[in-house]
Amino acid sequence: MTCLLEPPFRCLPPFQPLSPPRFRCYAAPGAQPLPSDPNTETLALPLDGPKERREIVRLAWEKLVRWSRSLQSRAKTDVLERTNKIVVLGGGSFGTAIAAHVATRKSPLEVNMLVRDPQVCRSINEEHHNCKYFPQHELPKNVIATTDAKAALLGADFCFHAVPVQFSSSFLEEIANYVDPGLPFISLSKGLELNTLRTMSQIIPKALKNPRQPYVVLSGPSFALELMNKLPTALVVASKDQKIANSVQQLMASKNLRINTSSDVTGVEIAGALKNVLAIAAGIVEGLNLGNNSMAALVSQGCSEIRWLATKMGAKSTTLTGLSGTGDVMLTCFVSLSRNRTVGVRLGSGEKLDDILSSMNQVAEGVATAGAVIALAQKYNVKMPVLTAVARIIDNELTPTKAVFELMNLPQVAPTLCMLYSQLPKGTLLKKFKEAPLLERL
């Protein structure tokens, strides 16, 4: 029995999603190992029973741990050490959770939260609680709230933007004069601007009148409540400037928060926006009590629609199957803490949208994003049956029950054919369709 442990592909900063070591096992008598490599270790172990198999697993795990600790021993901490002040724009649940997390990374660090509600401001400063969103969670003493934009932004090293997408342009235009041109903006907001179809990477530079404003988007499967409870979480930061992405990674990564980096800003933003609309659809299925089969079918179709549009816009398919894509979809579509899923459940149960929204104290971005998503799909000539149905339901032009009937009666091959046609040069559609595996045609 010969096992080969392959080293990771390359050495990257800590907490980067490296490919872990892998074993290749040869159990046949006389099996030959792969060609020798100075970086590859060969282990010869007999495979005679459970005890030997457990030994192989133990060795694999120990080598994985040593590999991880070796990288962590070279971790850079200079960004955190030289950071003295950060500002969080917005006093909502996720902005509060990020402020609390970063504040615990370094006690002398000044964390300013720019909020609009004077009551929330007082509760944070005097009682160290966000009375509106986290009345039971004590915030670190170095989290300070203010309603003064100039004071909050003065001397800040990083800025976390946690204002809902639909209000971001007007908000940023109001504070633009106080923003340093070199201040990195880290967007926590997910969605598309309704009238312009812009993402946050387009909204922020435009509103600040600075096309070179450093920009990072942070996304991934994360509920604010679980961040506040310090439960293990993994997120992605994406920027076209790898140095800035690495800096944010160093600033935020901790024992309970992994931060992966990416250069695919488009993929992370589009996946983060569209998954909210899909979560409403998943909630509708739950509200209608349609069962697990239909839930799996709907979410699978929705993921395909997200991939169709995002890749047309230049996103990488690997991004869409990672944390900020599939990971965020799973969390938002299947867990009851999701605001967008809750909206869908209540719509499927027969409630009116206006009544649902008026009873919520947080923004469900998918409601406003749905119409923008469909307009964007039309711009890129992509058919999106599930997400279009959600937009029609939100506009009160289609009932959830009728939407299910229409979706189930769509032609079996039409969506795939339309997508193939929109992506392939003229004359290649039939050839590609014939070559595709049977399941991909259905």
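The values are calculated or read from the model by the stated rules, or taken from the named source; none is laboratory data. Quantities reported herein were computed from a predicted structural model and do not represent experimental measurements. Every residue, glycine as well, gets a Cβ built from its backbone with ideal geometry; the counts of neighbours run over all protein chains shown. Ligands, DNA and RNA are stripped out before the accessible areas are found, and what is left, the full protein with its side chains, is counted by its heavy atoms. Shrake-Rupley method; radii C 1.70, N 1.55, O 1.52, S 1.80 Å.
Observations, loosely collected:
- Cα gyration tensor shape for segment 353-397, rounded if a/c is under 1.5, else prolate or oblate: prolate
- Overall dimensions of segment 314-374 by Cα: Rg and Dmax, Å: 13.6, 39
- Gain in span if fully extended, residue 65 to residue 195, counting 0.36 nm per residue against the direct Cα distance: 41.8 nm
- Surface composition of segment 191-337: carbon plus sulfur atoms contribute 52% of the solvent-accessible area (1.4 Å probe, protein chains only, all chains present).
- Qualifying aspartates and glutamates (Cα of each under 18 Å from Cα of residue 209; at least 8 residues distant if same chain): 173, 174, 180, 193
- Here residue 127 and residue 170 are evaluated by their C-beta separation; at R0 = 45 Å the FRET efficiency comes out at 0.90.
- Total formal charge among the other residues, if their Cβ is under 10 angstrom from that of residue 192, Lys/Arg +1 and Asp/Glu -1: -1
- Rolling a 1.4 Å probe over the protein heavy atoms gives segment 231-343 an accessible area of 37 Å² per residue.
- Where the alpha-carbon atoms of segment 305-423 are placed on the principal axes, they occupy 42, 32, 23 Å, in descending order.
- Using C-alpha pairs under 8 Å with a sequence gap of at least 6, the mean separation divided by the residue count of segment 203-301 gives a relative contact order of 22 percent.
- Counting only lysines at least 8 places from residue 255 when in the same chain, those with an alpha carbon closer than 19 Å to its own are 76, 106, 230.
- Global form of segment 77-186, assessed from the alpha-carbon gyration tensor, a/c cut-off 1.5: oblate
- With all pairs of separate Cα atoms included, segment 164-276 yields a Kirkwood hydrodynamic radius of 14.6 Å.
- Candidate cross-link partners of residue 352 among the lysines, defined by an alpha-carbon separation under 23 Å and a same-chain spacing of 8 or more, comprise 275, 402.
- Protection-proxy order for peptides 165-177, 256-268, 209-221, each taking the mean of Cβ atoms within 10 Å per residue, highest first: 256-268, 209-221, 165-177
- Based on Cα contacts under 8 Å between residues 6+ apart, segment 81-144 shows a relative contact order of 34 percent.
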